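Have a look at the structure below before the remarks.
The values are calculated or read from the model by the stated rules, or taken from the named source; none is laboratory data. Everything numeric here is computed off the predicted structure, so don't read it as measured data. Don't worry about glycine lacking a Cβ; one is built from the backbone with ideal geometry, like all the others, and counts go over all protein chains shown. Only protein heavy atoms, including side chains, enter the accessible area calculation; ligands, DNA and RNA are left aside. Shrake-Rupley method; radii C 1.70, N 1.55, O 1.52, S 1.80 Å.
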Amino acid sequence: MPAIFRPSANLAAAVTLLALAGLGVGGVALWWLWPRTDYARHVRWPVGQPVPFSHEHHVAGLGLDCRFCHNSVEVSATAGLPPTTTCMTCHSQIWTNAAVLAPVRLSLASDTPIAWNRINDLPDYVYFNHGIHIAKGVGCASCHGEVDRMALTYKASSLTMQFCLDCHRDPGPRLRPKDQIFNTQWQRTADTASPAALMGEYHLRNGRRLTDCSICHR
Amino acid sequence: MKGALVPIAMLVCLTACDDMSNQAKQRHYAPAVGPAAVPSNTVEYLDRPSQAPPVTLELLERGQERFRIYCTPCHSELGDGHGMVVQRGFPPPPSYHTEHLRQAPVQHFYDVMTQGYGAMYPFADRVRPEDRWAIAAYIRALQRSQNATDGDISADRRGALE
């Protein structure tokens, strides 16, 4: 009886087995990695909004402070989005006929809030609080990036658990002086106070275990 | 039979697996009533009538910070009414350094912030009462700074200016 397989089949079998194993490992890796990529997490994707609101025009152009609109950011867990009356503070007098602003005027006239679409959204099993970060010298830009350069707002950082922990392990180098917290263009320079000095200024104790699970998963 | 117990137990465990990312809670930034209304029979948080606090350096510094956030876009850093938004076409507000506003009591500034004034919207929803007093005190200081007289300089510093 002649051999069914020629000698080269040995090679083919080995390659096939390797390929199958590779596919398996690769598949698992992809299944694990994919949700963690910036693409799947929608980092740097502008989100469609009812009004194409531009931080670039309002913050860099007009010099508005974040707190003019996000006025609860220093004292509460949520930064808050501006109510219609905040927009109308100015838009009752300027750009009153602009078509892009029709939803804002309609919102005031019909007494229904504008429903903005969420951009940064942590899973609900994570507890986050803005107030403590602002009080302890973490700037908006550390998590939200250069908001004043965004013509349409997008998510600037991945907001994975690793992202939070990278800072919680050693916040010092990422802290900034009190008057620069809302300045999204600020960079550490030679005459900025040292990380250790800033830690002291904000009364942050090194021993405090900011990486304990119960800090964020309450 | 015994051998099947472990896989069955594992299957039962799987039924508890659920994505907890989105739980049943308020999903939208939707308040109970529309933006122009306050729910009936309620008082705004912290928004009870209050008295002007004594003027301290701390109060003025707080006032300066709040003034720069909420008022400079229109009234400008100097209070002369040529802020950035006015340069883009907003009707110019009066300068704080007019005789009328220099004579006005501090209470007037507080009331303007609480209730609005003409084309200016109220700021009661954004600026807390204590901060409104702080801003009012800061505007007083600003008015004084733009109309300073010799008498405002202490005797030991006067020499440095001459």
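Within the option set A:Pro123, A:Pro82, being within 11 Å of chain B (Cβ to nearest Cβ), surrounded by 14 or more Cβ atoms within 10 Å (Cβ to Cβ) and outside any helix (DSSP H, G or I) holds for one residue only, A:Pro82. Scanning the stretch A:174-198 for residues that are closer than 21 Å to A:Phe128 by Cα and without any contact (Cβ under 8 Å) to a residue 40 or more places away in the chain yields A:Arg174, A:Leu175, A:Arg176. Search the stretch B:85-112 for residues being within 24 Å of B:Ser50 (Cα to Cα) and without any contact (Cβ under 8 Å) to a residue 12 or more places away in the chain, and hand back the single one that is nearest to the other protein chains (Cβ to nearest Cβ). Residue satisfying both the conditions and the ranking: B:Val112.
Of the residues in the stretch A:186-194, at least one is touching a helix residue (DSSP H, G or I) at 6+ places or on another chain (Cβ under 6 Å), part of a loop (DSSP other than H, G, I, E, B) and on the phi < 0 side of the Ramachandran plot. The helices (runs of 4 or more DSSP H) found wholly in the stretch B:1-80 and carrying at least 2 residues that are at pLDDT 65 or above, within 11 Å of chain A (Cβ to nearest Cβ) and open to solvent by 60 Å² or more (accessible area, probe 1.4 Å) occupy B:57-70. Taken residue by residue, the stretch A:124-143 has no member that is touching a strand residue (DSSP E or B) at 6+ places or on another chain (Cβ under 6 Å) and among the polar types (S, T, N, Q).
Summed over the stretch B:90-132, the residues that are assigned to a helix (DSSP H, G or I), aromatic (Phe, Trp, Tyr) and either open to solvent by 30 Å² or more (accessible area, probe 1.4 Å) or farther than 24 Å from A:Cys87 by Cα (or both) give a count of 0. Consider the stretch A:34-57 and keep the residues that are part of a helix (DSSP H, G or I) and open to solvent by 90 Å² or more (accessible area, probe 1.4 Å). The one that is modelled with the lowest pLDDT is A:Arg36. Residues that are open to solvent by less than 30 Å² (accessible area, probe 1.4 Å) and within 7 Å of chain B (Cβ to nearest Cβ) were ranked within the stretch A:65-79; the one that is farthest from A:Thr112 (Cα to Cα) is A:Arg67.
Among the conditions (1) in contact (Cβ under 8 Å) with a residue 40 or more places away in the chain; (2) at the interface with chain B (Cβ under 9 Å from one of its Cβ atoms); (3) not in a loop (DSSP other than H, G, I, E, B), A:Ala60 misses just one, which is (2). Out of A:Ile114, A:Ile94, one residue alone is within 10 Å of another protein chain (Cβ to nearest Cβ), under 26 Å from the mean Cα position of the chain (by Cα) and part of a loop (DSSP other than H, G, I, E, B). It is A:Ile114. Being outside any helix (DSSP H, G or I), over 15 Å from the mean Cα position of the chain (by Cα), closer than 30 Å to B:Ser21 by Cα and assigned by TED's automatic domain parsing to the domain that holds A:Asp121 holds for only one residue in A:Arg208, A:Arg176, and it is A:Arg208.
I need the full set of residues from the stretch A:97-111 which are in a loop (DSSP other than H, G, I, E, B) and either in contact with a strand residue (DSSP E or B) (Cβ under 8 Å, 6 or more places away or on another chain) or polar (S, T, N, Q) (or both), in order please. Hit for the stretch A:97-111 is A:Asn97, nothing else. Answer with yes or no whether A:Thr160 is β-branched (Val, Ile, Thr), within 14 Å of chain B (Cβ to nearest Cβ) and without any contact (Cβ under 8 Å) to a residue 40 or more places away in the chain. Considered against the rule, which asks whether it is β-branched (Val, Ile, Thr), within 14 Å of chain B (Cβ to nearest Cβ) and without any contact (Cβ under 8 Å) to a residue 40 or more places away in the chain, A:Thr160 comes out as no.
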